[in-house]
1. At a threshold of 8 angstrom on Cα-Cα distance, excluding pairs fewer than six apart, so keeping six or more, what relative contact order does the chain reach in percent?
2. Using Cα positions and a limit of under 14 Å, work out the aspartates and glutamates in reach of K161, with same-chain residues fewer than 8 apart set aside.
3. Where the accessible area of the range 125-177 is counted over protein heavy atoms with a 1.4 Å probe, how much of it, in %, is carbon and sulfur?
4. In square nanometres, what is one fourth of the surface area of the convex hull spanned by the alpha carbons of the range 1-109?
5. Taking the Cα centre of the chain as the origin and placing charges on Cβ (Lys, Arg +1; Asp, Glu -1), which of N129, N90, A77 is farthest toward the positive end of the dipole?
6. Can you give the local net charge around S28? Use residues other than it whose beta-carbon is closer than 12 angstrom to its beta-carbon, Lys and Arg +1, Asp and Glu -1.
7. Taking N as the number of residues in the chain, what value does Rg over Cα atoms divided by 2.2 N^0.38 Å take?
8. Per the 1.4 Å probe, what fraction of the accessible area of the range 18-119, in percent, lies on carbon and sulfur atoms?
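The values are calculated or read from the model by the stated rules, or taken from the named source; none is laboratory data. On a predicted model such as this, the values are computed, not experimentally measured, just so you know. Cβ placement follows ideal geometry from the backbone for every residue including glycine, while neighbour counts extend to all protein chains displayed. Note: accessible area is taken over every heavy atom of the protein model, side chains too, but ligands, DNA and RNA are not part of it. Shrake-Rupley method; radii C 1.70, N 1.55, O 1.52, S 1.80 Å.
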Amino acid sequence: MAITNYLTLKSTLTDYLHRSDLSDSILSNFVQLGEARINRQLRLLQQEEIATLTLSAGNSTVALPTNWQETIDVVYADNKRSIQPQNIRNLNSQSSSAEARGRPLLYAITNGTLSFEITADIEYSILLNYFERWNIAADTTNWLIENAPDAYLYASLIEAKAYIKKVEDLSVWAQGLQTALNDLNQLDNRSRRNATSRIDNALSNGRRFDINIGY
């Protein structure tokens, strides 16, 4: 059976484990734990997202998207100026008083929120560029399982072997997972280099400014 979604992944797990007595909830746990392992190690172009967040007047925090994994950049929507990351302790020390209000310049990630060093004086629209986490249970399918089903399978098998306390194949699945993750990261690096090269070529092949004609 081809692995194309959440259900076929769990079905394939039972085939590889030669176990038909494992409940669906247990198989789901294997996938969830394996996926968590993957989420800690992958940062691919396909995971990059941009969310528009609203920081309301009188507030100094705004909730992160539920699928947030790691922040890439935080900028204002009106002028694309970056808001700089800070350690939460340093962030708290930046505020001169609890009543300070204005346009925030600094942020920290705390308990699923973007926290700013100052209370917003007016409503601000903020663009959050971030890596999203894979969540196959909620989405049922995604880019990763369609393009690298082996990563999902091997990661889930590692968790399954720990559960059933059979470690004879553990090194095989661990090596298989690491190979899949390495391949994905190398492909991602190559894609990013090619994209940069195309941009550089386009800039270098453009028309040069002619002082005589003004363009």
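1. 28
2. Cross-link targets: D15, D169.
3. C and S atoms contribute 52 percent here.
4. Numbers: hull surface 41.6 nm².
Mean orientational projected area (the range 1-109, Cα hull): 10.4 nm².
5. N90
6. Within the 12 Å Cβ shell, the charges total -2.
7. Numbers: Rg = 23.1 Å, N = 215, 2.2 N^0.38 = 16.9 Å.
Expressed relative to 2.2 N^0.38 Å, the Cα Rg reads 1.36.
8. Whole-percent figure for carbon plus sulfur exposure: 44.
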